Every structure is written in structure tokens, then in C-alpha cells.
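**Q** What follows is a single structure, and I will ask about it in a moment.
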Amino acid sequence: MTIRIGIAGIAGRMGRLLAEEVLAAGASLAGGTLRPGSAPREVPGPVLPDAAALFAASDVVIDFTHASAAAGHAAAAAQAGKALVLGSSGLSVADEAAVAEAARRVPIVYAANFAPGVNLVLAIAERMAAALPADRYDAEIVEMHHRQKVDAPSGTAIALGRAVARGRGTTLEEAGTESGRDGHTGPRRTGTIGFAALRGGQVVGEHSLIFAAASEQIVLTHRSFDRRVYATGAVRAALWLKSRAPGLYDMRHVLGMA
């Protein structure tokens, strides 16, 4: 039986790419919802009135809309007993807790980035951090996105920070972060993880992890040139979710890395 995939925010830029990739993968496009306040316009599938109707019509729903919708969509997934692929960034601790609670009842793939290359970079970053002592190698993460992006640092930048912290046997919260440096800030604190967020133009996504020591510097960089890479990865995750047990998964599971 062909899997039915629904798309939250189907009329948006990512929503349209997702719809194209659903059809390209040979899956059935169940339809989608419109973001509140958006004007109705021609979309590539049926427009459904709300999240409940979308989940009822779908086997899996893909949500790349906004962090504010994540908890509600997770709850709707659990209520309908349907799977969810969640790619929104900027979720709060409470939002992530709501997603984890819903994952006790249904399978959910929640990832900061759905590009396969980014997820390989995350894995490499963790291994590099384990090999490069925090007291000798400062870790700095620089990211740049289009001028419309509303959250900073990006979800992928934070994921990189968490990967570095894991490699060093700690958490991002315990290691401490440094960002938005301005004025007389004093010297850099040893062991912290630095973030710098750049915004401008229509940059799809660039992330660099820098390990800087007194005698050498190592830079690990990923650049996305087309948002379609995220749509392709999200549809791959949706297909992977078919028949999975309830649980909270990420792209490492989808790519066979976990």
C-alpha cells in the first residue's frame, strides 16, 4: 500500500518543495494545511482545514512550519496515531518535551537538519571533539542564513554545539556557550563553545565548526545551495517511518548511523 504523506504549510516555499519530492518518491500526497493568516492560493494537493484533518488523511505528516506549531502538531500526531517528521527549528525546552511525550505513542523523526551531508558532519564533529582536548582547542561555530530566518543560532549550529559537547563527555549547557560578543568581553573562557550567527541575502545555509589551537586550526564546513536537499531528506525520513515503533528518532537513524 502506498504511504500517504501530508504536509503542514503546503503553500509555503518548503511546503511546495516537499510536495514535489513526495510525488517524485512515488508516495501519495494526502494534502496539506495552510499557515494561519496565509492567503489561499493554488497548491499541489488538497487543502485541509486543520491539523486534525491532515493527520486523519495521512500516514505521516511533515512539518517544517514554525516552532510555535510543533507542540500542537506533535499532540495531533499522538491523538491520531500517525507518524510525524518535524523539521522546525527554534523549539523551546517545553516544545521539545511535548514532542518527546508524543513520541511515546507514535514514531517521530525530529532533526535540526535533514541534509545527509550535515548529519555526517555532526558525526565527524563529535569524533573530532573527542580527539581534540577542550583545554587546548577552542570550538567556534559560525553559521549564515538568509535574512528572513527568525531564530539564532540556527538549529543546526546548536546541533553542532551539542555534538562537540558529547564528544567531550559533557553537555552544551554544562560546557557553557559564548555568543554575541560585543564590547569589552574579557578573554575567552576555556572549554566553552562559541557561536556566531550571520544573516543576509538569500543564503540557504552555511555552517562551519572551527577548532582553534595555538599551533593549528581545523575547519569543518557544510554549505547548502538548494532547499530541496532538506525536502528530499524529510521525505526519505517519512518513508523510513512506515511501520516503525513509537519513539523519538533523528536522521542518524534514517541514515543507518545509529
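Each reported figure results from applying straightforward, stated rules to the coordinates on display, with no laboratory input. This is a predicted model, so every value here is computed, not measured. Because the Cβ atoms are built from the backbone with ideal geometry, glycine has one as well, and the counts that use them run over all protein chains shown.
**Q** Where does helix 228-241 land angle-wise versus the long Cα axis of the chain, in degrees 0 to 90, nearest 10?
**A** Roughly 70 degrees, rounded to the nearest 10.
**Q** Within segment 1-91, list the GluC sites (Glu not before Pro) lying in a DSSP loop whose Cβ has at most 11 other Cβ atoms in a 10 Å radius.
**A** Numbers: sites: Glu20, Glu21, Glu42; in loops: Glu42.
Sparse-neighbourhood loop GluC sites (Glu not before Pro): Glu42.
**Q** Report the net charge of residues surrounding Ile158, where surrounding means a beta-carbon distance below 13 angstrom and charges are Lys +1, Arg +1, Asp -1, Glu -1.
**A** Details: positive: Arg162, Arg166; negative: Glu96, Glu143, Asp151, Glu173.
Around Ile158, the surrounding residues sum to -2.
**Q** Still on this structure, I have one more. Relative to the longest principal axis of the C-alpha atoms of the chain, give the angle of the C-alpha long axis of helix 116-131, reported between 0 and 90° and rounded to the nearest 10°.
**A** Around 30 degrees separate the two axes.
**Q** Work out the P(r) tail for the chain: percent of alpha carbon pairs separated by more than 25 Å, whole number.
**A** When all Cα pairs of the chain are counted, 45 percent exceed 25 Å.
**Q** Sum -39500 (n - 2.57) across every DSSP H segment of at least 4 residues in the chain, then divide by the residue count to get the 222 nm mean residue ellipticity, nearest 500.
**A** Helix-only estimate at 222 nm: -11000 deg cm²/dmol.
**Q** Compute the Cα gyration tensor for segment 54-156, then decide on rounded, prolate or oblate, letting a ≥ b ≥ c be the square roots of its eigenvalues: rounded whenever a/c is under 1.5, prolate when a/b is larger than b/c in the other cases, and oblate in all that remain.
**A** Cα axes put segment 54-156 in the prolate bin.
**Q** Can you tell me what share of the DSSP beta bridges in the chain is antiparallel? A percent to the nearest 5 is fine.
**A** About 35 percent, rounded to the nearest 5.
**Q** How much FRET efficiency would the formula 1/(1 + (r/R0)^6) give for Val204 and Arg166, where r is the Cβ-Cβ distance and R0 is 30 Å, rounded to 0.05?
**A** 0.70
**Q** Give me the net charge for the shell around Ala70: Cβ to Cβ below 14 angstrom, other residues only, Lys and Arg +1, Asp and Glu -1.
**A** -4
**Q** Something else: Based only on Cα atoms, what Rg/Rh ratio does segment 182-258 have, Rh being taken as Kirkwood's radius? Each step should come with its number before you reach the end.
**A** Values: Rg = 18.4 Å, Rh = 16.6 Å.
Reported Rg/Rh (Cα atoms, Kirkwood Rh): 1.11.
**Q** Next question. Report P(r) for segment 216-258: all Cα-Cα distances, bin width 10 Å, range 0 to the bin holding the largest distance, values in whole percent.
**A** Histogramming segment 216-258 at 10 Å steps yields 22, 41, 24, 11, 2 percent.
**Q** While we're looking at this one, here's another question. Roughly how tilted is helix 93-102, in degrees to the nearest 10 and between 0 and 90, from the longest Cα axis of the chain?
**A** Orientation of helix 93-102: about 40 degrees from the principal axis.
**Q** Ratio of segment 151-204's C-alpha Rg to 2.2 N^0.38 Å, to two decimals?
**A** In units of the 2.2 N^0.38 Å rule of thumb, it is 1.26.
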